[in-house]
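In what follows, a structure is listed as structure tokens, so that the remarks can point back to it.
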Amino acid sequence: MGRHGWNSGARRWRFTALLGVGVAALALVMTLIHTLPGDAGRAAGTTRDGDKVHGTPSVPPSAKPEVGWGFTHTQFSADEGSAAATKRVEQRLSEGSPPQIQHIMGWGADNPEPVKGRYDFEDMDRRIDFVRETGGTPVVTLCCAPDWMKGGTPGSDKTDWSQAALETAPDRAHYKDYAALAATVAKRYPDVRHFIVWNEFKGFWNDSEARWDYEGYTELYNLVYKALKKVDEDIEVGGPYLVMDSLDPRQKENASPTFKGSWGAMDQRVLDAFDYWNKNKTGADFVVVDGSSYTKDDDLLPDEFAATGKFTAVSRWVRERTGGLPLWWAEYYVEPADGDDVRDGWTEARRVAVHASGLIAMARGGTTSAFYWNPETEKGAGCAGCLWTPTDRASGGKALPMLGLLSRFGEEFPPGTEYETVSVAADDTANVRVLADDKVVLVVNTLDREISAEVDGERFEMDAYEVKWLRR
């Protein structure tokens, strides 16, 4: 991903050397350079047949808009590293085959179309192959955009990987080009039946009006939606992948006067953007949001467990607005990050317990699919909040507690689960979070101490922050 300019130094050397030959000769050389076939951008390592089917696609069941509880591959994942370690992860994931998201550019994938009509899917191919090997449902997030679509320089060695550049939306003049790229991806991976359009409204901000550019996003979304449906009408498409920000409940500016709770007040600008997309979209098979339980100021109100109630409230609001469309959380966060976007301030037991509460809260709100943003690191023995240990060594790739939680939750509460209410002793109500169906009960101790709890008529002991599963 971190490619750099290939010829800036070479051109400076060439220019100096040619001064001795004469101005006329230099002019001739520069003219030739600028009229070479590759003038539109260096295409090394690319191909023209981007829509050629890659590998051996799995045979997916009939596409459904609900995929369950899974995770997102980020910059580092188990598609690379020690063979023993990557195989260990692959085998562990194969036990439950969770749905998995991969972006088309960034987060582990190189620029897919560095020059118009020239493609580089090497990284995407490897990631899709990994998902296929685990038996998981592959989901593609259509983000981000090649540089030439957003005012940058075309070329396989010209990609600007700075955050500002990566998070720039394509120019309106290139919306159709981006839709064409989406169609190319769909043709290349025919077993990918679920596509999310863009990520967090990145680059879609109206500076002059200090609000989201929901008109621009919706125009792009509709073009991509139509392009994908033209490839295969059974492809499932969703958006808008807005960050459902909340503010301090005492804040007035930009705060919704009606949508609020103990966890804060929703940012009205986000709600306006959602409503515009929802009203003007060409269609959607599922709806996608993203967000944290804490406020934009990183406050967990009134505490880290109660703050997850926001997920329930937002889920219900979205489903009501969309007439009950299947709801996905493409990302969700319960632990505030530091200045480097690292979340390692909690013990793993606390982290797992709060995440379990977040999953419970989403399910209670009607969410049927959600994806954990896996903060995998490239090297080392540990990895806070990761699903497995880094795969750089043969001993790596070992499952971590968060994978255990997500795997079990996905297996026990798949889409279509009918949840049931179970009894909780009065003196335990404030201390535990519970989710149940007719076969199992999930119980979370929200306290940093041992407790004795009575749930579903059964009394048992729980360690600090313990997550316990009870068979019914």
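Points worth noting:
- Residue count for the range 433-446, restricted to those that are outside any strand (DSSP E or B) and either in contact with a helix residue (DSSP H, G or I) (Cβ under 9 Å, 6 or more places away or on another chain) or crowded, with 17+ Cβ neighbours inside 10 Å (or both): 3
- Extreme residue, surrounded by the fewest Cβ atoms within 10 Å (Cβ to Cβ), among residues of the range 229-241 that are more than 16 Å from TRP328 (Cβ to Cβ) and out of contact with any Gly (no Cβ under 9 Å at 6 or more places or on another chain): GLU233
- Taking the criterion of being charged (D, E, K, R) and more than 20 Å from the chain's Cα centre (by Cα), the residues of the range 342-359 that qualify are GLU348, ARG350.
- Residues within the range 304-332 that are under 22 Å from ALA430 (Cα atoms) and of a type in the set (Phe, Trp, Tyr), tallied: 2
- Checking each residue in the range 371-402 for being of a type outside the set (A, V, I, L, M, F, W, C) and outside any loop (DSSP other than H, G, I, E, B) picks out TYR372, PRO401.
- Every test in (1) in a loop (DSSP other than H, G, I, E, B); (2) in contact with a helix residue (DSSP H, G or I) (Cβ under 8 Å, 6 or more places away or on another chain); (3) more than 30 Å from GLU80 (Cβ to Cβ) is passed by GLU420 save one, and that test is (2).
- Residue in the range 228-245 that is more than 21 Å from the chain's Cα centre (by Cα) and part of a strand (DSSP E or B) present: no
Matching residues to (1) at positive phi; (2) without any contact (Cβ under 8 Å) to a residue 60 or more places away in the chain:
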{"position": "LEU181", "(1), (2)": "no, no"}
{"position": "THR184", "(1), (2)": "no, no"}
{"position": "PRO190", "(1), (2)": "no, no"}
{"position": "PHE195", "(1), (2)": "no, yes"}
{"position": "PHE201", "(1), (2)": "yes, no"}
{"position": "TRP212", "(1), (2)": "no, no"}
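- Considering LYS187, LYS296, the condition of being of a type outside the set (Phe, Trp, Tyr), assigned to a helix (DSSP H, G or I) and surrounded by fewer than 19 Cβ atoms within 10 Å (Cβ to Cβ) is satisfied by LYS187 alone.
- Applying the set (1) part of a loop (DSSP other than H, G, I, E, B); (2) at pLDDT 95 or above; (3) surrounded by fewer than 23 Cβ atoms within 10 Å (Cβ to Cβ); (4) not aromatic (Phe, Trp, Tyr) to ASP177 leaves exactly one unmet item: (1).
- Scope the range 303-334; condition among the charged types (D, E, K, R) and closer than 12 Å to ALA370 by Cβ; matching residues: GLU331
- Scanning the range 273-282 finds one or more residues that are within 28 Å of LEU142 (Cβ to Cβ), assigned to a loop (DSSP other than H, G, I, E, B) and in the same structural domain as TRP205 (by TED's automatic domain parsing).
- Test: residue in the range 18-34 that is farther than 15 Å from THR137 by Cα, modelled with pLDDT of 95 or more and touching a helix residue (DSSP H, G or I) at 6+ places or on another chain (Cβ under 9 Å): no
- All conditions in (1) over 14 Å from LEU359 (Cα atoms); (2) surrounded by 15 or more Cβ atoms within 10 Å (Cβ to Cβ); (3) within 28 Å of the chain's Cα centre (by Cα) hold for GLY416, with the sole exception of (2).
- When SER357 is tested against (1) in contact (Cβ under 8 Å) with a residue 24 or more places away in the chain; (2) among the small types (Gly, Ala, Ser); (3) assigned to a strand (DSSP E or B), exactly one condition is not met: (3).
- Candidates in the range 56-71 are the residues that are among the β-branched types (Val, Ile, Thr) and over 18 Å from ALA363 (Cβ atoms); of these, the one that is surrounded by the most Cβ atoms within 10 Å (Cβ to Cβ) is THR56.
- Within the range 299-316, being outside any loop (DSSP other than H, G, I, E, B), crowded, with 18+ Cβ neighbours inside 10 Å and in contact with a Gly (Cβ under 9 Å, 6 or more places away or on another chain) holds for ALA307, THR308, GLY309, LYS310, PHE311, THR312, ALA313, VAL314, SER315.
- On the stretch given as the range 360-390, residues that are basic (Lys, Arg) and in contact (Cβ under 8 Å) with a residue 60 or more places away in the chain total 1.
The values are calculated or read from the model by the stated rules, or taken from the named source; none is laboratory data. Since the model is a prediction, treat every value here as computed from it, not as a measurement. A quick note on method: Cβ atoms are made from the backbone with ideal geometry, for glycine too, and the neighbour counts reach across all protein chains shown.
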